[in-house]
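**Q** One structure, pasted below without further comment.
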Amino acid sequence: MDVLVIGAGVVGLAIARALALRGHSVILAEATGGIGNGISSRNSEVIHAGMYYPSGSLRARHCVAGRRMLYAFCASHGVPHAKCVKLIVATNDLEQAKIEGIFEQGLANGVEGLSFLTGEEARRLEPNLACTGAVLSQETGIVDSHALMLALQGGLENAGGVIAFNAPVLNIARSDSGWHVQVGGAEPTELVVDAIVNAAGLGAQALARATEGYPTERVPPLVLAKGNYFGCLGKPAFSRLIYPAPVDGGLGTHVTLDLAGRMRFGPDVEWIEREEYEVDPRRAESFYASIRRYWPGLPDGALVPDYSGIRPKLSGPGEKAADFIIDGPAEHGLPGLVHLFGIESPGLTSSLSIAEDVAERLSA
């Protein structure tokens with residue numbers, strides 16, 4: 001098939017590569033001038049193990065399978081990564097019940113390397129930690145997301161696929177000859193392809209509404225949840241990732257480490273109406289309060305604004321977290337069309353598994 005994949009983030013790159021490796025002729029259209037300029041460049045770069053998500057959900061299935069695939073891919077393609085281990089910690093009885101539920105959910109999802117620790121056992125691993133108990137995840141890690149995307153781009157191009165940058169897709173229409181796609185930019189053009197994959201992230205809903213013949217009632221709401229990050233001055237206090245019990249809309253303000261050992265905190269959850277990425281220094285006050293629940297020794301003045309990202313959520317404040325949506329021909333009835341909605345965390349971890357899922361849907 002001639003396939004157009006829209007969106008050169010980590011998920012779009014993975015899908016385009018998977019389709020090219022199956023022998024399809026693939027064009028990857030990206031509205032900006034480079035890969036990973038959206039959601040994929042503004043996350044914590046964590047490889048998630050898969051214990052948070054309801055059994056049988058797309059998030060659970062793709063996170064667990066994708067994590068295994070991702071470690072193998074990174075090892076075989078020289079992508080910098082590390083299994084640095086994670087502790088999910090509780091500081092009171094309510095949080096203790098939450099992390100016990102996460103532990104049980106992880107076992108139900110087939111997550112390897114999980115164990116439950118007492119507060120004393122957790123503090124033995126991380127002396128600066130204050131907690132009543134913790135879940136230890138051996139399979140959680142970190143990855144250089146840009147190096148990962150470069151490797152996926154290389155795999156796509158080696159298999160004969162191409163990327164068109166500065167090529168925003170404006171309209172999609174169906175005819176007897178295939179899908180007609182209007183592409184804007186400095187040199188507007190029209191393409192006719194056999195299949196289309198919408199992996200446009202924050203722009204997925206708008207692109208679905210610009211797809212003639214696709215039922216508008218199938219387009220889910222887009223809810224923007226900004227996640228702010230703060231860097232931390234001074235020597236890192238932890239050698240592992242530290243996560244509190246989850247909060248509404250996210251996994252709590254946690255400690256993440258990069259491959260150089262630098263420590264930062266985030267993301268929090270800030271519900272917003274429009275895309276904007278400036279980190280308000282005043283949010284540090286809430287960060288101090290959250291972090292000191294499990295690290296009482298956080299010094300005053302240690303937090304500095306870093307960066308932010310926006311999650312393309314399908315559910316809002318107080319609502320049950322929505323699953324990924326992968327809407328293919330079997331669901332909506334239009335041949336050769338797949339729309340992806342709500343691919344937030346654990347989207348990076350899940351990317352290779354999602355890619356295989358999409359390729360199978362187009363082959364069915």
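**Q** Of all GluC sites (Glu not before Pro) in region 305-364, which ones are in loop regions per DSSP and have a Cβ with at most 13 other Cβ atoms within 10 Å?
**A** When the GluC sites (Glu not before Pro) of region 305-364 are filtered for loop state and at most 13 Cβ neighbours within 10 Å, Glu319 remain.
**Q** With θ set to phi - 60° and the Karplus curve 6.51 cos²θ - 1.76 cosθ + 1.60, what are the ³J(HN,Hα) couplings of region 115-126 in order, to the nearest whole Hz, using x for Gly and Pro?
**A** 8, 9, 10, 6, x, 5, 5, 5, 5, 5, 7, 10
**Q** Can you list which of the GluC sites (Glu not before Pro) found in region 161-250 are DSSP loop residues with at most 16 other C-beta atoms within 10 Å?
**A** Sparse-neighbourhood loop GluC sites (Glu not before Pro): Glu212.
**Q** Now for a separate question. Can you list the trypsin sites (Lys or Arg not before Pro) in region 1-89 that are in a DSSP coil and have 15 or fewer other beta carbons within 10 angstrom? Present the calculation step by step, with values, prior to reporting the outcome.
**A** Values: sites: Arg17, Arg22, Arg42, Arg59, Arg61, Arg67, Arg68, Lys83, Lys86; in loops: Arg22, Arg42, Lys83.
Answer by residue number: Lys83.
**Q** Sticking with this structure for a sec: If you place +1 on the Cβ of every Lys and Arg and -1 on the Cβ of every Asp and Glu, how big does the dipole about the Cα centre of region 28-129 come out, in debye to the nearest 20?
**A** 340 debye
**Q** OK, next. Would you kindly state how much longer the chain becomes between Ser239 and Glu285 on full extension, computed as 0.36 nm times their sequence separation minus their alpha carbon distance, in nm to one decimal?
**A** Here the segment from Ser239 to Glu285 would lengthen by 14.1 nm.
**Q** Output ³J(HN,Hα) for region 316-327: one whole-Hz value per residue in order, computed from phi by the Karplus curve 6.51 cos²θ - 1.76 cosθ + 1.60 with θ = phi - 60°, and x for Gly and Pro.
**A** So the Karplus estimates, Gly and Pro as x, are x, x, x, 8, 4, 4, 7, 7, 4, 10, 10, 9 Hz.
**Q** Separate question: Counting other beta carbons within 10 Å of each Cβ, put Ser25, Ser40 in order, fewest first. Could you put the intermediate results ahead of the total?
**A** Details: Ser25 15, Ser40 25.
Sorted ascending by nearby Cβ count, the order is Ser25, Ser40.
**Q** Going by amide H atoms built from the backbone, whose H comes under 5 Å of the H on Gly9, apart from near neighbours?
**A** Excluding prolines and chain starts, which carry no amide H, the hits are Gly36.
**Q** Which whole-angstrom value gives the distance between the alpha carbon centres of region 155-223 and region 264-324?
**A** Centre-to-centre distance over Cα atoms comes out at 32 Å.
**Q** On to the next question. Scan around Asp268 for amide H atoms under 5 Å from its own, H built in the peptide plane at 1.01 Å from N, and keep only partners 5 or more places away or cross-chain.
**A** Those qualifying (amide H under 5 Å, at least 5 residues apart or on another chain) are Asn228.
**Q** Charges on Cβ only, +1 for Lys and Arg, -1 for Asp and Glu, centred on the Cα centroid of the chain; of Gly113, Val247, Cys74, which one is farthest towards the dipole's positive end?
**A** Positive-most Cα among the choices belongs to Gly113.
**Q** Next up: For region 178-334, just run the numbers: alpha carbon Rg, then divide by 2.2 N^0.38 Å, N being how many residues it has.
**A** Values: Rg = 20.3 Å, N = 157, 2.2 N^0.38 = 15.0 Å.
Taking the Cα Rg and dividing by 2.2 N^0.38 Å, one obtains 1.35.
**Q** Under 17 Å from the Cα of Lys320, which aspartates and glutamates turn up, not counting those fewer than eight places away in the same chain?
**A** Reachable aspartates and glutamates: Asp248, Glu270, Glu344.
**Q** Let me know the charge dipole size of the chain about its Cα centre in debye, to the nearest 20, where only the beta-carbon of Lys, Arg (+1) and Asp, Glu (-1) is charged.
**A** It works out to roughly 760 debye.
**Q** Now a separate question. Mean-square fluctuation check for the chain, GNM, Cα pairs under 10 Å: which of Pro346, Pro244, Pro168 is largest?
**A** Maximum fluctuation in the GNM of the chain, among the listed residues, is at Pro168.
**Q** Using 0.36 nm per residue, how much length does the chain from His77 to Ala130 gain when fully extended, once their Cα-Cα distance is taken away?
**A** Extending this stretch completely gives an extra 15.2 nm.
**Q** Once amide H atoms are placed 1.01 Å from N in the peptide plane, what residues at a sequence separation of 5 or more from Asn171, or on another chain, have their amide H within under 5 Å of its amide H?
**A** Under 5 Å from the amide H of Asn171 lie the amide H atoms of Gln182, each far enough along the sequence or on another chain.
**Q** Further question: What are the ³J(HN,Hα) values, in whole Hz, obtained from phi via the Karplus relation 6.51 cos²θ - 1.76 cosθ + 1.60 with θ = phi - 60°, for each residue of region 10-16 in sequence order, with x given for Gly and Pro?
**A** So the Karplus estimates, Gly and Pro as x, are 4, 6, x, 4, 5, 5, 4 Hz.
Bear in mind that the values in this text are calculations on the coordinates, not laboratory data. Being a predicted model, the structure only gives us computed values, none of them experimental. Positions of Cβ are generated from backbone atoms using ideal geometry, with glycine treated the same way; all protein chains shown enter the neighbour counts.
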